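To start, the structure under review is shown below, and the notes come after it.
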Amino acid sequence: MYGNGGSGNHGCEAIVRGTIQLLGEHSYCILSENCKEDSQYALARIAALTSARGFRKKDFEFLKAYARLKLTGKYTDMDGLYYLPAIQRCKGNTDIALSVGGDNYCYGNTGIYAYLNRAFIKQKIRTILWGCSIEPDVVAEASVAEDLWNYALVAARESITYEAVKETGANVVQMPDPAFHMSPETCSLDERFLQSNVIGINISPMIIHNEQNKGAAYANYKTLIRYILDNTDAYIALIPHVVWASNDDRIPLKQLYDDFDHDPRLILVDDHIAPQLKYIISKCRFFIGARTHATIAAYSTGVPTLVVGYSVKARGIARDLFGTEEGYVLPVQQLKESDELTRAFIKLYEKRENIQTHLKTILPAYIARADDARSALEELIKK
């Protein structure tokens, strides 16, 4: 497995764990962007870890890449060179390389993933773009479409991506995000989870970065918390799902906690491994989440969920579960007034029992769609 950013993003961790639970008895190796981080969150217990990047001597390939950078300003080849030693060591030791970055193709430099794809293929290793989301306008780019053809299989995690990739002629199947398969792990709970119903809340620096109106996202979360405290008896769990220093959910969550003077009905949840976070989220009666894999933890355990989204993955997953994203996903780019999140919450909260029933009904068949991707992968391994 490669292309995964590291377990400080518990969505990355959940994809790896869910993939291993789905695919079962194989030997797994993770080309890790951060071995120390992945070890900290116990991935070394379920897969071998090796650094994805290594030292690159200044050979002819280095000089070519450096010249290309200076002449064109394009740094893809220079970045890619440092991955080649690890990829070359895979030759003869693996049949399949899974690109498990999820939405890597949604964030700018898609060229690096095409570079890695070609590097694996050069070593006679077949590649799978596994559990991915890609914006349709990105799929339509000629260079991206060509790259998708080079994968032996593209496994799209929602229908918007599936339809877009299908149009290119690439070999594609649709599956749920692998994290739907990750089992929750029991851990100690704050006693307030046992005293009353708990509403879970997740906010991220990512949605704040993607807002069109400065300050709108945070203001909406504050208004929502005030409404819940004033109009319900629910406790509120503030739950982080990414704890990278450069992109740490705990920062805005702690700010919210401080802004409400550590109200005793607010529960500031600590960092945990992904299966434990899934367990904590499963104990919520309702969930409002910005991180996709925090919302997947909720969906997959039957918790009614409102998503504060910014990309195709949020829209696509909600559409596949409910037939529409309308009312289930609130695009952060559209936030203007400070009570829009609260109004969306009220509408969905009123339907929470129906949503819970719907999820209980649809989830078995929805999750079983992963069998198509697993079967396609197993066929490739046999060849």
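The values are calculated or read from the model by the stated rules, or taken from the named source; none is laboratory data. The model shown is predicted, which means the values in this text are computed figures rather than measured ones. Cβ coordinates were reconstructed from backbone atoms using ideal geometry, including for glycine residues, and neighbour counts include every protein chain displayed. The area values use the complete protein model at the heavy-atom level, side chains included, leaving out ligands, DNA and RNA. Shrake-Rupley method; radii C 1.70, N 1.55, O 1.52, S 1.80 Å.
Here are some notes:
- Qualifying residue in segment 352-373 (condition: touching a strand residue (DSSP E or B) at 6+ places or on another chain (Cβ under 6 Å) and at pLDDT below 95): yes
- The helices (runs of 4 or more DSSP H) located wholly in segment 92-201 that include 3 or more residues which are touching a helix residue (DSSP H, G or I) at 6+ places or on another chain (Cβ under 9 Å) and not hydroxyl-bearing (Ser, Thr, Tyr) occupy 111-122, 136-139, 142-150, 159-168.
- In segment 89-127, of all residues being farther than 16 Å from SER51 by Cα and of a type in the set (Lys, Arg), the one that is least open to solvent (accessible area, probe 1.4 Å) corresponds to ARG126.
- ASN202 at pLDDT below 95, surrounded by 13 or more Cβ atoms within 10 Å (Cβ to Cβ) and touching a Lys or Arg at 6+ places or on another chain (Cβ under 9 Å): no
- Considering GLY3, GLY8, the condition of being open to solvent by less than 30 Å² (accessible area, probe 1.4 Å), modelled with pLDDT of 95 or more and not basic (Lys, Arg) is satisfied by GLY8 alone.
- In the set (1) farther than 19 Å from LYS278 by Cα; (2) out of contact with any helix residue (DSSP H, G or I) (no Cβ under 8 Å at 6 or more places or on another chain); (3) without any contact (Cβ under 8 Å) to a residue 40 or more places away in the chain; (4) surrounded by 15 or more Cβ atoms within 10 Å (Cβ to Cβ), GLY323 fails one condition alone, (4).
- ALA219 within 18 Å of ALA298 (Cα to Cα) and either open to solvent by 70 Å² or more (accessible area, probe 1.4 Å) or out of contact with any Pro (no Cβ under 6 Å at 6 or more places or on another chain) (or both): no
- Some residue of segment 40-47 being open to solvent by 40 Å² or more (accessible area, probe 1.4 Å) and among the β-branched types (Val, Ile, Thr): yes
- Looking across segment 223-244 at every residue that is in contact (Cβ under 8 Å) with a residue 40 or more places away in the chain and either surrounded by fewer than 17 Cβ atoms within 10 Å (Cβ to Cβ) or within 19 Å of the chain's Cα centre (by Cα) (or both), the one that is farthest from ARG291 (Cα to Cα) is identified as TYR227.
- Filtered by the rule that a residue be among the small types (Gly, Ala, Ser) and surrounded by 11 or more Cβ atoms within 10 Å (Cβ to Cβ), segment 339-367 gives a lone residue, ALA344.
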